[in-house]
1. Residues in segment 61-86 that are under 25 Å from Phe102 (Cα atoms) and part of a loop (DSSP other than H, G, I, E, B): how many?
2. Are there any pairs with C-beta distances below 9 angstrom linking a residue in segment 219-242 that is part of a helix (DSSP H, G or I) to a residue that is modelled with pLDDT of 75 or more and polar (S, T, N, Q), with the two at least 6 apart or on different chains, and if so which?
3. Only one of (1) under 30 Å from Glu328 (Cβ atoms); (2) over 33 Å from the mean Cα position of the chain (by Cα); (3) of a type outside the set (Gly, Ala, Ser) is not met by Gln190, so which one is it?
4. Within segment 88-126, how many residues are surrounded by 14 or more Cβ atoms within 10 Å (Cβ to Cβ) and more than 60 Å from the chain's Cα centre (by Cα)?
5. Given the options Asn131, Asn120, name the one that is touching a Gly at 6+ places or on another chain (Cβ under 7 Å), in the same structural domain as Ala324 (by TED's automatic domain parsing) and part of a helix (DSSP H, G or I).
6. When you go through (1) in contact (Cβ under 8 Å) with a residue 24 or more places away in the chain; (2) part of a helix (DSSP H, G or I) one by one for Thr177, which number turns out not to apply?
7. Identify the residue in segment 309-329 that is hydrophobic (A, V, I, L, M, F, W, C) and surrounded by fewer than 17 Cβ atoms within 10 Å (Cβ to Cβ) and, among all such residues, is farthest from Ser128 (Cα to Cα).
8. Among the candidates Thr113, Thr144, Thr96, which residue alone is at pLDDT 85 or above and β-branched (Val, Ile, Thr)?
Amino acid sequence: MVDAVRASGAPAEEVDRFAVSFQRLLQADIAVVITALTDSRRERMEALLRGEAVRFMEEVSAVLIRLGKGDLTVRIAGEYGPENSRVQQAFNEAITMLRTSFGDVARAAEQVTAASEEINAASQTLASGSNTQAANLQEASAGTHELAALAGGNADRAGQARDVAATASEASREGGTAVQRLETAVREMQESAVATARILKSIDEIAFQTNLLALNAAVEAARAGEAGRGFSVVADEVRALAVRAAASAKQTSEMIEQSKSSATTGVAVSAEVARQFGRINEGIGQLRTVVEAIARGSNEQKIGTSQLSGSLDQVSSVTQQTAAAAEETASSSAELSAQAMSLMEIVGRFDLGAGRDVDGEPRSMPSARPVKGSGRQKMPVTYPR
């Protein structure tokens, strides 16, 4: 077009102005065409997007309604553009994670319930055993208290027996000493009797000689006749006195012999009594040693039983505390089981897949069973692995 204007002989300036104007016209037409084409495509795209958005929102609304009713098996299953696909993928992944988490919570709650049941049973058994043991320990403690009292009484009586044995030992020793003095006195009496017998023998000999002299004097007086008659009377009296002295000496000698025999017997008896007192004293000494050993043993037994009684009291107290702690543990485990059951009931409100695994295979569900100590029932829950 510009070439045609130039060929017509128009001035160069006009040709240039025409060229510029024509170029501008061409550019304006192209922009209009491009704008028109772009507007038409945009309208079509917007229409498509509006339709997809409506369809996407309708499916999301339906899914949310089912989700609000506890159905965690829902998914956004339609095919959408990139923007909606990203939302679809994020939503489905969130639901899958939520479903998995609820399944994990259900399994954990069931495990907690089972564990709390075992803890509850073990705690109740421990509490029962601890109470029984505490009662037995109390009885044993009472028995050891009585044993300690008996041991104390035995120790006191053993001490008294030790004192009596000591007194008896002292009395036996003094008795032995007295017997020894008696033996000495009897020996001295025996020696005195022997000396007296010798004196009496001398007296008897003197009386015999006096009697002979009196006989000789009587013979001489008879020879003297009337002059010796008075002397004869005196000689008779002397002879009679000598006879009586001899008889008395003989009688006294016999009595002294008897006394000497009795003294000899007394010495032997005293010696035997002294030996017996020695044996008695030795036996009492041994008895005293035994009694002292019994007294020491009784005191040690008293101390030992007192310590044992104190230890049993401490063990009984600790056992009672253990029983109380076990009862508290049983109560806590029952409460924990009840809380786990409540959690399982809450999880049970959600549909986690009708008891099927992720691959669709059916799973066995836990049956309801009572929780010991809570009076509640385990509710079966459907969940995925």
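The values are calculated or read from the model by the stated rules, or taken from the named source; none is laboratory data. Computed from a predicted model, the values in this text were never measured in an experiment. Neighbour counts run over all protein chains shown; Cβ positions are idealised from the backbone, glycine included.
1. The initial filter retains those residues of segment 61-86 that are under 25 Å from Phe102 (Cα atoms), namely 61-77, 86.
Of the ones still in play, those that are also part of a loop (DSSP other than H, G, I, E, B) are 69-70, 72-77.
Looking only at that region, the number is 8.
2. If the second residue must be modelled with pLDDT of 75 or more and polar (S, T, N, Q), the pairs left are Ala235/Asn216; Val238/Thr210; Arg239/Thr210; Leu241/Thr210; Ala242/Gln209; Ala242/Thr210.
3. Condition (1) is where Gln190 drops out.
4. Residues meeting the conditions: 3.
5. On the way: Asn131 fails: touching a Gly at 6+ places or on another chain (Cβ under 7 Å).
Criteria check complete, one pass: Asn120.
6. Evaluating Thr177 over (1) in contact (Cβ under 8 Å) with a residue 24 or more places away in the chain; (2) part of a helix (DSSP H, G or I) leaves (1) as the failure.
7. So in segment 309-329, the residues hydrophobic (A, V, I, L, M, F, W, C) come out as 312, 315, 318, 323-326.
From what is left, the residues that are surrounded by fewer than 17 Cβ atoms within 10 Å (Cβ to Cβ) are 315, 318, 324-325.
On the way: Val315: 16, Val318: 14, Ala324: 10, Ala325: 12 Å.
Once the filter is applied, the top-ranked residue is Val315.
8. On the way: Thr113 fails: at pLDDT 85 or above; Thr144 fails: at pLDDT 85 or above.
Exactly one residue qualifies, and that residue is Thr96.
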